[in-house]
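Read through the structure below, which is laid out as structure tokens, and then see the notes.
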């Protein structure tokens, strides 16, 4: 395998890990605050639809992105209301969001655009283009580092850079700010936070809203950057894979990035291994497509050890009377 | 405003279902497959045919989009017990469901496209995808000198291998030493609706040197067409004429005139006097398959390319070129 092929796999890895990473960090905020979120998939899907619909009507990718974030935050607030204020079961609230998003997006899409739930294909301004970083062409000739910079690091959608920038930002917020300290505390011991005179409910809502914003970015990435328009169920279970990555990474931002890169890499590898031959026998496509999942099981079972989530996760907080 | 359209849709739906249960009607019915009615490809071609029939005859038809595999039996049974006749079904996925139901409703005429079901009241329509794909493969090889040509199929099933095999033979007929990259978006029906994976496969093929990719992947193919247009390279559409989607980038489309087949079925299959059960093959003869040429791709295909591909077509029709059909022996000798 030559340098070009390796770079092309790594390039695809970045593209494919981006939505996972955004969704994974989104889940991190919510779960660290003690709200289990299996509604990541639904929020992403709703955001993908909102972004594509607005981008199709206005012709502006930026307005589409804002709409995607708006829809996702609204969905997150709804889920938050059910799980935090009304003290409903957090898992069921998440499942409900997933089902609601899947059905509603298709229904509204059909009502508005009459293309079977799909949104119209977007023009060049309705999508985010790829960005060439400065000096990408100039340094391309430098051995090894040149192609790495010009082909691997440069030339991605803006949301890819945003996603990877969110990792140090999240780590800083979580471990170095007052908000982060309180966030972690409310997921471990909400009673102590309450005793200190801080509102558990308000903190959890803040966390859920941040989750909504990040899911909005992830959803918009599907429909107005990587893709060109919304298609039914286009998130294709990525929200659940992000959830697995979050557990895999033991709810920590930097390991989350590496886990998502691993999943993205396996996906990219799978795409390029189709039709590959081993000892002159063609490996069946099914075997190669199962590869990411098989490796996930092996890694989960063999290497990660026990994953213990935030202690207060999954339980709505009730003040003692 | 949205609320009122919503209520209208609801009340309309109630009125419609009341109507349907009330009277038995011998209207034709059409069941689309999982790619969805507006996939801009296979199912949309059927829809266009049905609409054309409606315009010509003023008749009415019912249609239904499947949401998942489990609905097949239920949808078909509902139409049959309501007295719809004929019932036209799209896709190869119907074989196991249709066989028992055709025996259960002997008075209903069924037409299934892309599958073969042997029953006295079933007409099975097959298209010669291999010969049509051969022609677009030849065009791909004439257009690009890269020596590498891509193919991205939807679900990994024999029918799609038939497309690939014809395409590969067409490429090799023009450039004998060409290299082919063969990909599929998945192994489940979800593979028909996964443009993101299809787009990634296209990027991988571009990285390996492909300049033309033939997408035989239903709704997923849209991702291939978009990726190739973004990269300034060429794609080949499938089933419907998809040239208009990205003018200047879609080289041509392997058209299957599903629309004509649906018009034909709606017109003749409802009446036992004109209904012809059994297997019907539609091919290059009568232009039921072929390459699409219109105002969107006329600048991409030179007069020389067209005369060459027409010569190949004449040779296939005369039997001088035998295009191997993957489904005869489940292999593709190249």
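We did not get these values from a lab; they are worked out from the coordinates using the rules stated. This is a predicted model, so every value here is computed, not measured. When we count neighbours, we look across all protein chains shown, and the Cβ atoms used for this are built from the backbone with ideal geometry, even at glycine.
Relative to the longest principal axis of the Cα atoms of chain A, the long axis of helix A:253-273 lies at roughly 40 degrees.
Classify region A:1-120 as rounded, prolate or oblate from the Cα gyration tensor: take a ≥ b ≥ c as the square roots of its eigenvalues, call it rounded if a/c is under 1.5, otherwise prolate when a/b beats b/c and oblate if not. Cα axes put region A:1-120 in the oblate bin.
When A:240, A:164 are arranged by Cβ crowding within 10 Å, least crowded first, meaning fewest neighbours, the order is A:240, A:164. Return a whole-number percent for the relative contact order of region A:45-90, with Cα pairs under 8 Å and 6 or more residues apart as the contact set. This gives 32 percent for region A:45-90.
In this simple spin-label model, placing a label point 7 Å from the Cα along the Cα-to-Cβ direction at both residue A:132 and residue A:7 gives a separation of 1.4 nm. Name the shape class, rounded, prolate or oblate, that the alpha-carbon gyration tensor gives for region A:86-196, where a ≥ b ≥ c are the square roots of its eigenvalues, rounded holds for a/c under 1.5, and otherwise prolate holds if a/b is larger than b/c and oblate otherwise. It comes out oblate by the Cα gyration axes.
Report relative contact order for region A:150-264 in percent, whole number only (criteria: Cα-Cα under 8 Å, sequence separation at least 6).
Details: 56 pairs, mean separation 28.8, N = 115.
Relative contact order of region A:150-264: 25 percent.
Working note: Debye formula, equal point scatterers on the alpha-carbon atoms of region B:77-220, no solvent; log10 I(q)/I(0) at q = 0.09, 0.20 Å⁻¹ is -0.37, -1.07. With contributions of -39500 (n - 2.57) from each DSSP H run of at least four residues, the per-residue ellipticity at 222 nm computed over chain B stands at -13500 deg cm²/dmol. Modelled this way, with points 7 Å down the Cα-to-C-beta line, the labels at residue A:86 and residue B:116 are 5.6 nm from one another.
Taking 0.36 nm per residue of separation and subtracting the Cα-Cα distance, what length does fully extending residue A:311 through residue A:290 add? Could the numbers behind the result be given before it?
Values: separation 21, 0.36 × 21 = 7.56 nm, distance 3.35 nm.
That pair, residue A:311 and residue A:290, stretches by 4.2 nm at full extension.
Can you give me the angle between helix B:303-318 and the longest principal axis of chain B, using Cα atoms only, in degrees from 0 to 90, rounded to the nearest 10? So the helix axis and the longest Cα principal axis differ by about 60 degrees. Between residue B:187 and residue A:161, the distance separating the two model label sites (each 7 Å from Cα on the Cα→Cβ line) works out to 4.0 nm. Estimated from the Cβ-Cβ distance and a Förster radius of 51 angstrom, the FRET efficiency linking residue A:175 and residue B:107 is about 0.10. When shorter helices are ignored and each DSSP H run of at least 4 residues is given -39500 (n - 2.57), the per-residue value for chain A at 222 nm works out to -21500 deg cm²/dmol.
Within a 10 angstrom radius of each residue's Cβ in A:13-20, how many Cβ atoms of other chains show up on average? Whole number is fine. Please list the in-between numbers first.
Values: counts 0, 0, 4, 3, 0, 0, 1, 0.
For peptide A:13-20, the averaged partner shielding equals 1.
Order by neighbour count: B:57, B:227, fewest other Cβ atoms within 10 Å first, most last. Fewest-to-most Cβ neighbours within 10 Å comes out as B:57, B:227.
Grab the beta carbon distance between residue B:310 and residue A:301, set R0 = 60 Å, and tell me the FRET efficiency rounded to 0.05. For R0 = 60 Å, the calculated efficiency reads 0.50.
Legend: mean number of C-beta atoms from other chains within 10 angstrom of residue C-beta atoms, peptide A:226-238, equals 5. A Förster radius of 51 Å, combined with the Cβ-Cβ distance separating residue A:281 from residue A:77, puts the computed FRET efficiency at roughly 0.40.
When the Gaussian network model of chain A links Cα atoms closer than 10 Å, the mean-square fluctuations of A:238, A:43, A:87 top out at A:87.
Exposure proxy for B:37, A:252: other Cβ atoms within 10 Å of each Cβ, ordered fewest to most, give A:252, B:37. With a cut-off of 8 Å between alpha carbons and a minimum separation of six or more residues, what is the relative contact order of region B:162-319 in percent? That works out to 14 percent. From the square roots a ≥ b ≥ c of the eigenvalues of the alpha-carbon gyration tensor of the protein assembly as shown, which class results: rounded (a/c under 1.5), prolate (a/b over b/c), or oblate? Oblate, because a/c is 1.5 or more while a/b does not exceed b/c.
Quick one: length gained pulling residue A:320 to residue A:114 fully straight, 0.36 nm per residue minus the C-alpha distance? Please report the intermediate quantities before stating the final value.
Working: separation 206, 0.36 × 206 = 74.16 nm, distance 5.25 nm.
Going from the current span to full extension adds 68.9 nm.
If you take each beta carbon of peptide B:195-204 and count the beta carbons of other chains within 10 angstrom, what is the mean? Partner-chain Cβ atoms within 10 Å, mean over residues of B:195-204: 6. Computed from Cα positions, the angle between helix B:195-207 and the longest principal axis of chain B comes to roughly 10 degrees.
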